[in-house]
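Accompanying notes for the structure given below.
All of the numbers you see were taken from the coordinates with simple rules; none came from a lab. Treat the numbers as computed from the prediction; the structure is a model and nothing was measured. All Cβ positions, glycine included, derive from the backbone under ideal geometry; neighbour counts span all protein chains shown.
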Amino acid sequence: MGHPSAARPDRRSVIAGAVLLPTMSAFPRPGRAREARPAAEPLLVGSSNALGGMEEGHARLVRGEPGLDVVIDVVSAVEADPEDTSVGLGGLPNEDGVVQLDAACMDGATHNAGSVAALENILHPARVARLVMERTDHCLLVGKGAYEFARMHGHEHVDLLTEKAREAWLRWRETMSTRDDRLPPPAGKEDEKTGWIPGLGDPAADSFPRHGTTHCSALSRAGDVACTTTTSGLAFKVPGRVGDSPLIGCGLYCEAGSGSAGATGRGESAILANASSAVVALLRAGAHPRDAGLEVMSRIVEQTRLQAAWQPGLLDEKGIPSFGLELYALDTEGRFAGVTLRGKDREFAVANADGARLEPLETLF
Ligand code: ASP
């Protein structure tokens, strides 16, 4: 048997492409990435909670503003909204009652990205993610380091736990077990405070919704793509848990000449499928965003059936994934879609020449 290195190509031939090129040519050419063309029509696509800033955002794209500036402003409004309990201020906290935020942004024109995870006490994590992208040679900062970085760049220290979110967390603590010493208040007036979370505090309910995030993707007038995703993550998560939102390729991804995608819902599934980069890879190969989203969702269903061997609760009684997951996508042709794993009356937000509006998500189940 010869020396193992004998079978390997030498470095020079790899660099010259002599060895890699035949293999690579079997895949769809990423050459479109270098051909950013003027867009027929500027476009924004995202989660339904991003709708508020989309009309103005679209007008800015029409005026020729860069997509990254626009998407970050669109989600900043959601981060600052205390009524949205899944993002930024007012986001539901972790097990310890601490709001920990995850966010990322990506710019197709420079193929660069930045993100922050488990960031506390900073109102605009998506803006900090952009600073990571533009003012460091890194992609991801976490926890205390991310906080110090944000403070260094002038972001204020903010208490993100609203009274409403604190009440919900308290009720969760008080009702999570009958074997501890915490007692919820008697049913009645107190419940009005957290009645906005269906099932929370109701011992008869199996579970309650723990998801929520905001995503926005843009196609600019110049034909460039950009995206951002920002979240407080799963409600009452294990401290330090990081979801898909700040992970490039999982909670968001874009590529010049191909398109942009993002995810909301159970982050672990989006991580294990590298969901957003999987969607963009299909866009690159020419798939319609709807078909790309549904194809990746189908893969996630197959993966979930494997995962259910050790985590049966991931499937419902019909063998369908029991959790929520949504994918949003646009391509550089101006085509777009939002798809959901399950649920019939779900919507996503879109803005183009026909206006800013909610449209129904395509559903797999
Ligand atoms: N994807 C987010 C996460 O897993 C949560 C969500 O969108 O509901 O952190």
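Of the residues making up region 299-311, those that are surrounded by 15 or more Cβ atoms within 10 Å (Cβ to Cβ) and more than 21 Å from the chain's Cα centre (by Cα) are 307, 308.
When restricted to residues that are of a type in the set (Asp, Glu) and surrounded by fewer than 22 Cβ atoms within 10 Å (Cβ to Cβ), region 89-131 contains 3. For region 133-155, a residue qualifies if it is of a type in the set (A, V, I, L, M) and exposed (fewer than 15 other Cβ atoms within 10 Å of the Cβ), and exactly one does: 152. The listed residues are 305, 299, 290, 266, and the only one of them that is within 14 Å of the ligand (Cβ to nearest atom) and of a type in the set (D, E, K, R) turns out to be 266.
Residue by residue, here is whether (1) over 19 Å from residue 241 (Cα atoms); (2) touching a residue at least 60 places away in the same chain (Cβ under 8 Å); (3) within 18 Å of the chain's Cα centre (by Cα) holds:
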| site | (1), (2), (3) |
| --- | --- |
| 91 | no, yes, yes |
| 115 | no, yes, yes |
| 127 | yes, no, yes |
| 162 | yes, yes, no |
| 177 | yes, no, no |
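Considering region 251-263, the residues that are away from the ligand (no atom under 16 Å from the Cβ) and hydroxyl-bearing (Ser, Thr, Tyr) include one that is surrounded by the most Cβ atoms within 10 Å (Cβ to Cβ), namely 260. Of the residues making up region 156-172, those that are more than 10 Å from residue 92 (Cα to Cα) and surrounded by fewer than 16 Cβ atoms within 10 Å (Cβ to Cβ) are 156, 157, 158, 159, 163.
In region 333-345, is there at least one residue being farther than 23 Å from residue 59 by Cβ, charged (D, E, K, R), surrounded by fewer than 24 Cβ atoms within 10 Å (Cβ to Cβ) and out of contact with any Gly (no Cβ under 8 Å at 6 or more places or on another chain)? Within region 333-345 (the criterion being farther than 23 Å from residue 59 by Cβ, charged (D, E, K, R), surrounded by fewer than 24 Cβ atoms within 10 Å (Cβ to Cβ) and out of contact with any Gly (no Cβ under 8 Å at 6 or more places or on another chain)), the answer is yes, since at least one residue qualifies. For region 208-247, a residue qualifies if it is part of a strand (DSSP E or B) and either away from the ligand (no atom under 14 Å from the Cβ) or hydrophobic (A, V, I, L, M, F, W, C) (or both), and the qualifying residues are 216, 217, 218, 219, 225, 226, 227.
Only one of the numbered conditions (1) more than 12 Å from the chain's Cα centre (by Cα); (2) on the phi > 0 side of the Ramachandran plot; (3) free of Cβ contacts under 8 Å to residues at least 40 places away in the same chain is not met by residue 314, and that is (2).
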